[in-house]
Amino acid sequence: ALENHGGITSTPEQMFSIIEKIKKSPWFGINFDSGNFRTDDPYRDLEKIAPLAINAQVKVAIKPNNGEKQPADLKRIVDILKRAKYRGFVVLEYEEKADPKTEIPRYLKQLRELIA
């Protein structure tokens with residue numbers, strides 16, 4: 001999977017330029033990482049790549065290109081994946097400073113409710 005992770009894959013358009021050069025395969029797609037786009041509208045860009053997602057990693061914070069980290073809109077992210085008919089697993093990728101032993105269970109509960 002190709003991940004939206006800076007460098008040569010910082011925008012959906014950069015990702016698609018690589019994907020178009022690869023022979024279509026059911027074994028290749030996008031690793032959808034909700035916290036990696038640093039664009040003016042990361043949710044818009046996640047919407048663009050979601051139809052090609054074969055794996056999904058959800059982060060609890062998002063950082064648009066204005067540099068201000070903010071809580072991720074988990075409902076919006078899950079809705080993007082649902083509209084794209086994503087059928088795989090959703091992984092919580094927790095990278096925040098708060099105690100993971102207390103925060104991760106809270107976020108997992110929220111994600112489970114949103115996905116159900």
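Values computed for the structure shown
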quantity	calculated
Anchor Lys21: aspartates and glutamates whose Cα lies under 17 Å away (excluding residues fewer than 8 positions away in-chain)	Glu3, Glu13
Sites matching chymotrypsin sites (Phe, Trp or Tyr not before Pro) across segment 28-116 that sit in DSSP coil, with at most 11 neighbouring C-beta atoms within 10 Å	Phe89
Whole-angstrom gap from segment 54-116 to segment 1-44, using each part's C-alpha centre	18 Å
Candidates Lys63, Lys82, Lys24, ranked by Gaussian network fluctuation over the chain, Cα under 10 Å, top entry	Lys24
Excluding exposed DSSP-loop GluC sites (Glu not before Pro) (at most 15 other C-beta within 10 Å), longest clean stretch of the chain	21-67
Over the chain, volume per residue of the alpha carbon convex hull, in Å³	99 Å³
Heavy-atom accessible area order for Ile115, Ile8, Ile104, largest first, 1.4 Å probe	Ile8, Ile115, Ile104
Sum of side-chain charges, Glu20 neighbourhood, beta-carbon under 15 Å (Lys, Arg +1; Asp, Glu -1)	+3
Relative contact order computed over the chain (Cα-Cα under 8 Å; 6+ residues apart), in percent	22 percent
Exposure ranking of Arg38, Arg83 by accessible area [1.4 Å probe, largest first]	Arg83, Arg38
Of Asn65, Asn36, Asn55, the one that fluctuates the most in a GNM where the chain has Cα springs shorter than 10 Å	Asn65
Selection from Ile8, Pro26, Val58, by position along the positive dipole direction of the chain (Cβ)	Pro26
Heavy atoms of Ser25 accessible to a 1.4 Å probe, total area in Å² rounded to 10	50 Å²
Gaussian network model of the chain, springs between alpha carbon atoms under 10 Å - residue of Pro105, Pro26, Pro51 with greatest fluctuation	Pro26
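The values are calculated or read from the model by the stated rules, or taken from the named source; none is laboratory data. All values reported here derive from a predicted model rather than from experimental measurement. Note that each Cβ is placed from the backbone with ideal geometry, even for glycine, and that neighbours are counted across all protein chains shown. Ligands, DNA and RNA are excluded from the accessible area calculation, which covers all protein heavy atoms including side chains. Shrake-Rupley method; radii C 1.70, N 1.55, O 1.52, S 1.80 Å.
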